[in-house]
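Novice: First, the structure itself, so that you have it in front of you.
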Amino acid sequence: MQVTQDVQTDSLTRLKQAFVTGMWASLASIIIGFAFKVWLAQWVAKGDLALFNSVVDLISLSLILMTGFRSSMVVSYSQTKNDRDIINIFRYFLIGMVLLTWGVVIPYIKHGLHIRAEYLQLVGIIFGLGLKVYFTNLVAMYRMYEISNRVTWLEPLTNALMFGICYFGLGLDALGSLFYGLTFSSLGIAGYMYWHRRRAIATRPLAKVALGPEMRSYVKKSFTASLEAGASILMIYITVLLTIRHFSLDELGDFQVVVRPIFTYMTLLFVFPIYRFVLPELAVNLRSGDHRQIRLIRSWIFRLSAVVSIIFFTVMLLAGRSLVLLLFPADYVGAVPVLFHFSIFFIFMMLNGYQLAYIKAHGHFTESLIIRLVGIVALVAAYYLVAEFTANVVAIIVALGLGYLAMFILSTLAERRILKSLPPETLPQPS
């Protein structure tokens, strides 16, 4: 059944409003978080910052797998309204992942990488981040966008405040304050989401799960989506591990203190909203058969990607060095060429984000996972190939960009394959 032009316009308008609102919340988060990082870089030892960020990266990798449940939780709840079983399945998986992280990742950090960090600090990070992931997924499942947007900027603010309490109030050293500050802020944010979510929706009891066909489908989608989320984040963490293995602590500091935050902020600002807002809209339009609206959304995302990427590239080309020297001490100037090369490939991250969302909206979660895995293989292969021609740390970011380029090519082919499989009458007609 064809929808009217008014409904189409309203759908696209809703998407733009949600996207822009999320970007403003993300921008506030970026300003607070980046200001905190710049302030830390002025006086905290570069090695301490590099070690702290590397430890958090390694612990986050396992827990971020649970964020893959988010999309399947949203879709399954909208279809079944069976939040009790959906939440309990997620609880059991999350508890298992927390225990696995505790038993495997901590020994690897302390004995495999020989990173100096107290055991209690590592355990605190695991439990704090675990609870935050749990309530973040619940807020997303119930589509409480107001709470989600508020948490986006409250999180870095709370982290900075907790660091100040630990360092100036309790007299801990800088590294210890970073670890305990992140733990306390994560617990605080989790409590905030719990309180505000509970005011609207009661907590579902821990209970035995009834694994009917719908819940088995949910588990399968969640497992695949979790692997894909892990593959997505693993691409970034592989660059960290390659830097630790093949380059100096000074170059690791450039990457962790300057490059990775900017990478994270650009992703949070322009890529994450695609999965958060565009994917649900695509799924809704597919269920209603509104392929013309999907084409409008695609056109808007592609134009936005081009504008953002051109501006980012131009800024890095003309003012990258000046900006880094303005915000960071002079010994972080080695990050400038890395940021410039990152700006070249950023457009592929945005476009690939849309195309993977389109693929998943059609239910092709496995194909999306395969594309992610190919991206990882391409990243590693590209690094060792580029490293044959240069010993510069730029080889890592170039390899990362080539990995995203490979994913973009594959996702484009998958998108075209899906379009060709659609019945001719469902395709958008020229206006």
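Novice: So what are region 39-127's ellipsoid semi-axes, whole angstrom, largest first, if each one is the square root of 5 times an eigenvalue of the alpha-carbon gyration tensor?
Specialist: 33, 16, 9
Novice: Let's see if you can work this out: charge +1 on each Lys and Arg Cβ, -1 on each Asp and Glu Cβ, no other charges. What is the dipole magnitude of region 75-220 about its Cα centre, in debye to the nearest 20?
Specialist: Values: 15 positive and 7 negative charges, 109 e Å.
Taking the Cα centre of region 75-220 as origin, the dipole is about 520 debye.
Novice: Oh, and also: Got a sec? Charge dipole of region 281-431, +1 on Cβ for Lys and Arg, -1 for Asp and Glu; which of GLY401, GLY334, ILE297 is way out at the positive end?
Specialist: Going by the Cα projections, it comes out as ILE297.
Novice: Another question, if that's okay. How big is the Kirkwood radius of the chain, worked out from every pair of different alpha carbons and given in Å to one decimal?
Specialist: 22.7
Novice: In addition: Could you give the distance between the Cα centres of region 99-129 and region 53-98, to the whole Å?
Specialist: First find each Cα centre; the distance between them is then 20 Å.
Novice: Taking a cut-off of 24 Å between Cα atoms, list the lysines near LYS16, but don't count ones fewer than 8 places away on the same chain.
Specialist: LYS360
Novice: Roughly how many Å² of TRP195 are accessible to a 1.4 Å probe, to the nearest 10?
Specialist: About 140 Å², rounded to the nearest 10.
Novice: Let a ≥ b ≥ c be the square roots of the eigenvalues of the Cα gyration tensor of region 292-431; is it rounded (a/c under 1.5), or, if not, prolate (a/b larger than b/c) or oblate?
Specialist: Oblate shape, in that a/c is at least 1.5 and b/c is the bigger or equal ratio.
Novice: Then there's this: Give, rounded to the nearest 20 debye, the magnitude of the charge dipole that the chain has about its Cα centre when Lys and Arg contribute +1 at Cβ and Asp and Glu contribute -1 at Cβ.
Specialist: 1180
Novice: Based on the Cβ-Cβ distance from LEU385 to VAL20, what FRET efficiency comes out when R0 is 41 Å, to the nearest 0.05?
Specialist: My answer for the efficiency is 0.55.
Novice: Using a 1.4 Å probe, how large is the accessible area of TYR167, given in Å² and rounded to the nearest 10?
Specialist: Taking all protein chains as shown, TYR167 has close to 70 Å².
Novice: Would you mind classifying region 87-238 by shape? Square roots of the alpha carbon gyration tensor eigenvalues, ordered a ≥ b ≥ c; an a/c under 1.5 is rounded, otherwise it is prolate if a/b is larger than b/c and oblate if not.
Specialist: Oblate, since a/c reaches 1.5 and b/c is not below a/b.
Novice: Once every DSSP H run of n ≥ 4 in the chain is given -39500 (n - 2.57) and the sum is divided by its residues, what mean residue ellipticity at 222 nm do you get, rounded to the nearest 500 deg cm²/dmol?
Specialist: -26500 deg cm²/dmol
Novice: Could you size up the charge dipole of region 69-124 around its Cα centre, putting +1 on the beta carbon of Lys and Arg and -1 on that of Asp and Glu, and report it in debye to the nearest 20? Write down the numbers at each step before the final one.
Specialist: Working: 6 positive and 3 negative charges, 9 e Å.
Once rounded to the nearest 20, the dipole reads 40 debye.
Novice: Which one of THR264, GLY191, ALA207 has its Cα pushed farthest toward the positive end of the charge dipole of region 154-275, where Lys and Arg give +1 and Asp and Glu give -1 at the Cβ?
Specialist: Projecting each Cα onto the dipole axis, the largest value belongs to ALA207.
Novice: Let me ask something additional. Would you mind counting up the charge near THR21? Only other residues with Cβ under 15 Å from its Cβ, with Lys and Arg at +1 and Asp and Glu at -1. Spell out each step's value before the answer.
Specialist: Values: positive: ARG14, LYS16, ARG143, ARG150, ARG276; negative: GLU146, GLU281.
Around THR21, the surrounding residues sum to +3.
Novice: In addition: With a 1.4 Å probe and all protein chains in place, put PHE247, PHE328 in order of accessible area, largest first.
Specialist: PHE247, PHE328
Novice: What does the accessible area per residue of the chain come to in Å², with a 1.4 Å probe and no ligands, DNA or RNA counted?
Specialist: 45
Novice: Right, another one. How big, on average over all directions, is the shadow cast by the Cα convex hull of region 234-332, in nm²?
Specialist: 8.0
Novice: A further question follows. As a test of reading the structure, rank LYS208, LYS16 by solvent-accessible area (1.4 Å probe, protein chains only), most first.
Specialist: LYS208, LYS16
Novice: Another one. By the scheme Lys and Arg +1, Asp and Glu -1, what is the net charge of all other residues having a beta-carbon under 12 Å from that of LYS110?
Specialist: 0
Novice: Please report how far the C-alpha centroid of region 219-270 lies from that of region 155-208, rounded to the nearest whole angstrom.
Specialist: 23
Novice: Could you calculate the contour length gain from HIS114 to LEU317, that is, 0.36 nm times the residue separation minus the distance between their Cα atoms, to one decimal place in nm? All intermediate terms of the calculation are to be shown ahead of the outcome.
Specialist: Working: separation 203, 0.36 × 203 = 73.08 nm, distance 3.80 nm.
Full extension from HIS114 to LEU317 adds 69.3 nm.
Novice: How much length is gained if the chain between ALA174 and VAL123 is pulled fully straight, taking 0.36 nm per residue apart and subtracting their Cα-Cα distance, in nm to one decimal? Please report the intermediate quantities before stating the final value.
Specialist: Values: separation 51, 0.36 × 51 = 18.36 nm, distance 1.83 nm.
This chain segment gains 16.5 nm when fully extended.
Novice: If you don't mind, there's one more thing I want to ask. With label points built 7 Å along Cα→Cβ from the Cα atoms of ASP250 and VAL104, find their separation and express it in nm.
Specialist: It is 3.7 nm.
Novice: What helices does the chain hold that run 18 Å or longer along their axis, going by alpha-carbon atoms, with a Kyte-Doolittle average of -1.0 or more, using DSSP H for the helix calls?
Specialist: 5-43, 46-64, 83-100, 119-141, 145-164, 174-200, 213-246, 291-327, 335-361, 365-386, 394-421
The values are calculated or read from the model by the stated rules, or taken from the named source; none is laboratory data. From a predicted model like this one, the values you see are computed outputs, not experimental measurements. All Cβ positions, even for glycine, are placed from backbone atoms using ideal geometry, and neighbour counts span all protein chains on display. When the accessible area is computed, the model is the full protein with side chains, heavy atoms only, and any ligands, DNA or RNA have been set aside. Shrake-Rupley method; radii C 1.70, N 1.55, O 1.52, S 1.80 Å.
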